Each structure stands twice: as structure tokens, then as C-alpha cells.
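Engineer: Below you will find the structure I want to go over with you.
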Protein chains: 2
Amino acid sequence: MSTAEALKIPDTALSPVDRLHALVAADMTATDRAIHDRLGSAVSLIPDLAKHLIDSGGKRLRPLLTLAAARMCGYGGDRHVRLAAAVEFIHTATLLHDDVVDASELRRGKLAANLVWGNKPSILVGDFLFSRAFQLMVETGKMDVLNILAGASAIIAEGEVLQLKSANNLKTSEEDYLRVIEAKTATLFSASAESGALLAGAPAGQIAGLKAYGYNLGIAFQLVDDALDYSGRAAQMGKSVGDDFREAKVTLPVILAFSRADDEARIFWARTIETGPQHEVDLKRAIAYVEETGAIADTRDMARRYVDAARDALAPLPKGEIRDSLLQVAEFSLGRAS
Amino acid sequence: MSTAEALKIPDTALSPVDRLHALVAADMTATDRAIHDRLGSAVSLIPDLAKHLIDSGGKRLRPLLTLAAARMCGYGGDRHVRLAAAVEFIHTATLLHDDVVDASELRRGKLAANLVWGNKPSILVGDFLFSRAFQLMVETGKMDVLNILAGASAIIAEGEVLQLKSANNLKTSEEDYLRVIEAKTATLFSASAESGALLAGAPAGQIAGLKAYGYNLGIAFQLVDDALDYSGRAAQMGKSVGDDFREAKVTLPVILAFSRADDEARIFWARTIETGPQHEVDLKRAIAYVEETGAIADTRDMARRYVDAARDALAPLPKGEIRDSLLQVAEFSLGRAS
């Protein structure tokens, strides 16, 4: 019986991500406990700063993938909880460093940690969480798990460096863009799912299936996120839009819109993305351009292809509630953008 | 036959650190090769930035401790080379992040990477090197080695956060100061030596001996460094002095001098360390105060006690050239300050 049933909440009231949470509810509670236990430090600034971000309502998607993968592959132990906490620590560390690098002002609707405490503690607490992640992984006792996540962390950092080069650069190719989102998003989604299966001692075909599911889901999520940032409807629903535009990030909607732009639009993009200045009214025009040129529709179409690949990748996995739920999570990732 | 003999260089011409290098010369060459091989990335900014620091004439003290510890404990394999490279990567990553946090202008006599490339790449390349370090450690196949260095990395980050709190703060206690240098310097010295012995499968007493040697040597090194920063003689020898003073770091020489200061000197320290402004002529007066109050002499006396402890810690280790050399390195750490 899932927690959703236990709480008498009709399944229809839950989003697919909530349903997946409900299927591993006890594991996720244990993971949250491990996360908070292992944030501890005699230096109180560390848990204060880390909790600010960790308790800010993130969806815990990556540890959710780890827990679901381990359980779906029949894992009966309890070390997947530490692995899931490690995955969330790596993610949190990269967010802290990202927000310093991007000089972000908001994260999950709250003031970013770098604005509350400054850049210095954000850098150092990121380093602390990264180290703690490896301590937690050591406790799983599985060297191949460490190998996957150390490799993923290196690729994430490479992707972030690559992204610096594409900022303010309208010459960024679709291929460069895909390399960046592969590194900064798909790699950790993929490693989260793969490492859960590995810890469970799953057969190679299942491990490869979950790795591919995580990878394709990660790309789809990022494509949808990047489309939403230019969505007029998201703005109407009270979601924040225009962050990427204001930071002059060259995402797929911009790459496609720019490649299809007339002279006037090209001058607009060059000013707003490459040279500045950018004015508040520019966002509305940017949204109009990406919609008119079909850039948003094409970004969503591409996301759809990755969702299809994510679904196909689950074929070797055991049928059941968790697999059904993972399939729905993939579909849902598109729904966010509709 | 040591390289020093092979090259017909009389031993007396070499510093103790150079002699230790000579005793593990082939291992150190292999370590340098591993360091450069593993810096590789399709994102060329990563090796460019990392090499700027890694090839800037650092003494490779930490990997030297790892190699010496492994060999002294009879290690006959080749995985200590990857462990030594990992240790240097962790050290380099912390330097890159330190220089961003301290807004450093120079590192090892060259422009700091943050000034050449900016803060963003320095943060991200630090993350990359840290991840690569864990990949290298995975390749050693020894979980306890990973455990020691993951723990050390967490403590280093904690120490850096603690240090932020003592900046500009003359109320910093001697105890707080020791906690900071223990975390930011002694922990990695200690882990470097201990992990080499562990990899070699040394008996527990030898592992503990090398761990304690590294710890005490690390504290002594940092105490001497902090004394040298206020040394009139170092200035005469062309060494850079006054960096800590200009950054308003509260090191032991300042803590001791301030605790012994008369009213006029207290006003001087409060202005130069806590409130500003600081003028160029202030360094000369600061040096005079720390020397007159005996703060430098007492810092050196404390370093001497840690050197004695480092020497005692080597008692359980096998007699031989490497042990002799490690004893001389400890003595030499004091000589730098005389």
C-alpha cells in the first residue's frame, strides 16, 4: 500500500512526482533525516547556510531517482538512503557554486545564499557538502558507485566551464548547447538512477536502462525548463520567467529564434544578449520572437523525443508501480511546459 | 642510489625537502606525469588554468609525504602515484577557492588564477580538480584511503569557514587560531602521509605514526609561515611579507602582540586589522610590534614543540634514508624562520 493510499489521498490529486515520492515515502523520510544529520558541523554557519537551500522546497528529484532505482531493482538494504543523501549534497553544492558564478539573486523563490551570506561562505559550504557527499558514498562500501559519481561531478564542472563560454555568445551552436545541458543536468540525473541500480546489484541490462532513463529525462527536463523561461503562460501562472534572458544565457529557444531572425530581430538579440544594454520591456519582445519563430514549439518537440527515449529505456526494468510511476514522471516533464 | 648521488650532486647542496624528493625521484616524476595526464579536458580552459597554478613551482610537499610514507612502509606497487596526484589535486582545488575567497592577487609569485581568468573559472576548475581527485582515489581501489581524504576535505572546508569568522577580529583566541590551522593545513599533511601508509598495508602503529607526523609537521609549517609573514629578515631576503597583515588575517603573531599591547598599540591594531584604513607604512610598525612583544619568538617556540612531536611520531617507523629525511624536513621547517 502506497503512502498515498494510506493517507486516503486519491491518486489523481497527486502529480506523478508526488506519486513516486509516495511509493518510496519511508526511504525519502530516512533520506531527509540523513541529509539533516550529515549537515552538522561545529561551525554553525555551515548548517545554517546549507539548510537555507536544502529546505527551500526543492523536489528532491535526484535522490528520488536513486531510491526508486534501488527499490525497483529489488534492493533490500538501507544504504541507498546514504547514497540518495550524497546525490542531493552534490546537487546542492553545484547550486551554491552556480549561484555565485551567475551572481543569482533568487533560488527557489528565496534570496540566494550568496546574497544572504556572501560569496565566500557559499563557495566554502559547497566544498563542504561535496566532501560530505563522498563520505556518505564511502559508507555505501561500493567503489563503482563512487566511480560513477566522481566521474559525474567532473563532467558537471566541465559543463559549467563550457557554459561560461556560451554566455553572451549568439554563435553558440545547438551542439554546444546540448553538450552543456548534458553535462550540467543529464549527467547527475543519469548517475543518480544508475548508482541506485548498481547498489542493488541489478543485472547489467537494468543498470544500463536506468542510466539511459536518467540521461534522457535530464535532457528533457532542462529543455522544458529553458522553454518555460520564455513562456508567456508560465508568467501568467505566477512563475518566474526571463531569468535566462536577463543573464544573457544562450539557450536553445534563443539559438533557434536567432537563426530564424530577420535583420531587425538580429539587432535586437545582439543588443540584449551580446552587447547590452537590456531594458525591462525587452523580455516581452524576446518572448514574442521565440514564440513567433517556432523556437519554443521546436524546443518542446525536441524534449518530446528525449521523453520517448527515456520511456523506451525502461523496457528492461521489472514491471510494477515504480516503473509506471517513472514513465509518468517522464510524460509529466513535458506537461509542465504545455 | 638516490638521484642526488646519480647526478653527483653532493647531498649538502640540497635542502632536506630536495633530498626527500631525490629519494622518491622516479615516483615523483610519475606523479607529475599523472597530474598532467589527468588535467586533460576537452574544455581547454580547464588545463590552461590548472597548469598555471600546478606548474608554478609549488614544492609538492603533500604528494611527497604520500610517496615517502608508502615507500617507507614497503609499498611495492604503483598506485601510490595516483594517490599522490589526488592529494595534489585536492590541495590545488583548495588554493584556487582560497584565492577567490581572499581576493588574492599573487600566488607563488605569479598573478593568481582569479586575476588572470576571473573568479568564475577558478571556482569551477577547483570543483573539477576536486572531482578528478576522487576519480584517482577510486583507482587505488582502497575504500579507507577515500574515507580519510573525503573526511580531510570536509575538515578543510570547515576550517576555511571558521577562518572567515576570525578575519578582522582581534578577539580571535589562540585556540580558535589553532583550530583554523589544524583544519586548513595540518589535516591534509596528516591525510597525505597516513593514506600512503594505509595504501602500503602498513601496521596500525606505523599508520598512526605517519598520521601524527603529518599533523604536527603541518601545524609547524603554518606557524612558521605565519611568523615569516611579519619577518624583517624575510623581507631583506626578497621574500614577500605582509600578505596576512594586508588581508587583516588574525594569525598567532597578531594575537600574541595584541594581547601584550599598550594603549597606543591597541589603537594601532584596531585600526589596521578591524576598522581600517591601513596605510603602506603600517606594515613596518606591525613588524616592530610583533618582534618587540616577543610574539614572533613565541610563535617559533610553539612551532618547535610541534616539530619535536613530529620527530617523536616517527619512532615506530622503519629506520632508513626516508625516515632520516623526514626528520630533517621537520627540522628544516623551523630553519626557514630563523
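Engineer: How many residues does the range B:172-190 contain that are without any contact (Cβ under 8 Å) to a residue 60 or more places away in the chain and in contact with a His (Cβ under 9 Å, 6 or more places away or on another chain)?
Structural biologist: Of the residues in that region, 0 qualify.
Engineer: A:Ala193 fails exactly one of the following numbered conditions: (1) in a helix (DSSP H, G or I); (2) within 14 Å of another protein chain (Cβ to nearest Cβ); (3) touching a residue at least 12 places away in the same chain (Cβ under 8 Å). What is the number of that condition?
Structural biologist: Just one mismatch for A:Ala193, condition (2).
Engineer: Also, I was wondering about something else. Answer with yes or no whether A:Ala183 is crowded, with 24+ Cβ neighbours inside 10 Å and within 22 Å of A:Ala248 (Cβ to Cβ).
Structural biologist: no
Engineer: Let me confirm something: among B:Ala313, B:Ala286, which residue is surrounded by 17 or more Cβ atoms within 10 Å (Cβ to Cβ), more than 20 Å from the chain's Cα centre (by Cα), at pLDDT 95 or above and among the small types (Gly, Ala, Ser)?
Structural biologist: Selected residue: B:Ala286, the only one of B:Ala313, B:Ala286 that is surrounded by 17 or more Cβ atoms within 10 Å (Cβ to Cβ), more than 20 Å from the chain's Cα centre (by Cα), at pLDDT 95 or above and among the small types (Gly, Ala, Ser).
Engineer: Moving on to the next point. With the requirement that a residue be at the interface with chain B (Cβ under 7 Å from one of its Cβ atoms) and in a helix (DSSP H, G or I), what does the range A:132-141 give you?
Structural biologist: Answer for the range A:132-141, where residues must be at the interface with chain B (Cβ under 7 Å from one of its Cβ atoms) and in a helix (DSSP H, G or I): A:Arg132, A:Phe134, A:Gln135, A:Val138.
Engineer: So the check is Cβ under 7 Å with 6+ separation or different chains; which pairs have a first residue in the range B:142-171 that's within 7 Å of chain A (Cβ to nearest Cβ) and a second one that's surrounded by fewer than 22 Cβ atoms within 10 Å (Cβ to Cβ) and at pLDDT 95 or above?
Structural biologist: Listed by first residue and then by second, the contacts come to B:Met143/A:Gly141; B:Met143/A:Met143; B:Ala150/A:Gln135; B:Gly151/A:Gln135; B:Ala154/A:Gln135; B:Leu162/B:Arg179.
Engineer: Follow-up. Could you tell me whether A:Ala86 is buried (at least 24 other Cβ atoms within 10 Å of the Cβ), among the small types (Gly, Ala, Ser) and either within 14 Å of chain B (Cβ to nearest Cβ) or over 18 Å from the mean Cα position of the chain (by Cα) (or both)?
Structural biologist: yes
Engineer: Can I ask one more? Filter the range A:103-139 down to residues that are surrounded by fewer than 22 Cβ atoms within 10 Å (Cβ to Cβ) and either over 17 Å from the mean Cα position of the chain (by Cα) or within 26 Å of A:Ala212 (Cα to Cα) (or both), then give me how many there are.
Structural biologist: Residues in the range A:103-139 being surrounded by fewer than 22 Cβ atoms within 10 Å (Cβ to Cβ) and either over 17 Å from the mean Cα position of the chain (by Cα) or within 26 Å of A:Ala212 (Cα to Cα) (or both): 12 in total.
Engineer: Give the residue that is nearest to the chain's Cα centre (by Cα), with candidates limited to residues of the range B:156-213 that are among the hydroxyl-bearing types (Ser, Thr, Tyr) and within 30 Å of B:Phe258 (Cα to Cα).
Structural biologist: By that ranking, first place goes to B:Thr185.
Engineer: Would you list the helices (runs of 4 or more DSSP H) that sit entirely within the range A:252-338 and hold 3 or more residues that are farther than 30 Å from A:Arg19 by Cα and not hydrophobic (A, V, I, L, M, F, W, C)?
Structural biologist: Once the helices (runs of 4 or more DSSP H) in the range A:252-338 are filtered for at least 3 residues that are farther than 30 Å from A:Arg19 by Cα and not hydrophobic (A, V, I, L, M, F, W, C), what remains is A:263-269, A:282-292.
Engineer: Of the residues that sit in the range A:103-131 and are away from chain B (no Cβ under 14 Å) and in a loop (DSSP other than H, G, I, E, B), which one is farthest from B:Ile90 (Cα to Cα)?
Structural biologist: My answer is A:Gly109.
Engineer: Please specify each residue of the range B:227-270 satisfying the condition of being among the charged types (D, E, K, R) and modelled with pLDDT of 95 or more.
Structural biologist: Once the filter is applied, which keeps residues that are among the charged types (D, E, K, R) and modelled with pLDDT of 95 or more, the range B:227-270 yields B:Arg260, B:Asp262, B:Asp263, B:Glu264, B:Arg266.
Engineer: Being surrounded by 15 or more Cβ atoms within 10 Å (Cβ to Cβ) and within 19 Å of B:Leu162 (Cβ to Cβ) is the filter here; which residues of the range A:9-50 pass it?
Structural biologist: Within the range A:9-50, A:Arg38, A:Leu39, A:Ser41, A:Val43, A:Leu45, A:Ile46, A:Pro47, A:Asp48, A:Leu49, A:Ala50 qualify.
Engineer: Can you tell me which condition B:Met72 does not meet? The list is (1) under 17 Å from the mean Cα position of the chain (by Cα); (2) touching a residue at least 60 places away in the same chain (Cβ under 8 Å); (3) within 21 Å of B:Asp18 (Cα to Cα), and all the others hold.
Structural biologist: All conditions pass for B:Met72, except number (1).
The values are calculated or read from the model by the stated rules, or taken from the named source; none is laboratory data. Everything numeric here is computed off the predicted structure, so don't read it as measured data. Positions of Cβ are backbone-derived with ideal geometry, glycine not excepted, and every protein chain shown enters the neighbour counts.
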